[in-house]
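The structure appears right after this line, and notes come after that.
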Amino acid sequence: MIKYPMTLQGAKALEEEHAHLTKVIRPKLSQDIGTARELGDLKENAEYHAAREQQGMVEARIRDIEGRMQNAQVIDVSAIPHTGKVIFGTTVEIANVETDDRVTYQIVGEDEADIKLGKISVGSPIARALIAKEEGDVVAVKTPSGVIEYEIVEVRHV
């Protein structure tokens, strides 16, 4: 069975979502279905069908989270000694060699990736190029618009 890397924060977020879905949303949907069922004919009861559809989506998400947690390899980055190298879970500030534009990313598991929050998947091209490199190294990243070179400015453990 393949294990997928996940940060401690990512695992905690999934556990919180699971708890919310099972303890808050699931009971509310059951109540909504019961209320809609009391309205009469189920064939033409839009509220009933909407609640059942939402229940199906919630149950699918609960199963998805349970599967992801079962196959997760949770890594506590704070327990790993800081060597200055880019590893899973570290936060990396990089600068475009041509434009000197700087951006900061945290390298996280696939399920945690969110570019808007500065979190990139360990499997992304830029993360693969950065892994095992150190501050001061220049890496080339293949992008759809061509190869872009980045210099690693800073490597931090979160």
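Annotation note: of E66, E53, E59, E110, the sole residue that is in a loop (DSSP other than H, G, I, E, B), of a type outside the set (V, I, T) and out of contact with any Leu (no Cβ under 8 Å at 6 or more places or on another chain) is E110.
Every test in (1) within 23 Å of M6 (Cβ to Cβ); (2) open to solvent by less than 80 Å² (accessible area, probe 1.4 Å); (3) free of Cβ contacts under 8 Å to residues at least 40 places away in the same chain is passed by K116 save one, and that test is (2). Scanning segment 53-83 for residues that are under 24 Å from R26 (Cα atoms), polar (S, T, N, Q) and touching a strand residue (DSSP E or B) at 6+ places or on another chain (Cβ under 9 Å) yields one hit, N71. Against the test of being touching a Ser or Thr at 6+ places or on another chain (Cβ under 8 Å), without any contact (Cβ under 8 Å) to a residue 60 or more places away in the chain and over 18 Å from E16 (Cα atoms), the options I87, I107 yield a single qualifying residue, I107.
In segment 59-80, the residues that are over 15 Å from I2 (Cα atoms) form Cβ pairs under 7 Å with partners that are surrounded by fewer than 17 Cβ atoms within 10 Å (Cβ to Cβ) and of a type outside the set (D, E, K, R), at six or more places apart or across chains, as follows: R61/L21; I62/L21; I62/T22; D76/L8; V77/H157; V77/V158; S78/H157. Taking segment 78-92 as the range and being closer than 21 Å to D137 by Cα and either hydrophobic (A, V, I, L, M, F, W, C) or at pLDDT 95 or above (or both) as the test, the residues that pass are V86, I87, F88, V92.
The values are calculated or read from the model by the stated rules, or taken from the named source; none is laboratory data. These figures come from a predicted structure and were not determined experimentally. We place every Cβ from the backbone using ideal geometry, glycine too, and count neighbours over all the protein chains shown. These area figures cover heavy atoms from the full protein model, side chains too; ligands, DNA and RNA do not enter into them. Shrake-Rupley method; radii C 1.70, N 1.55, O 1.52, S 1.80 Å.
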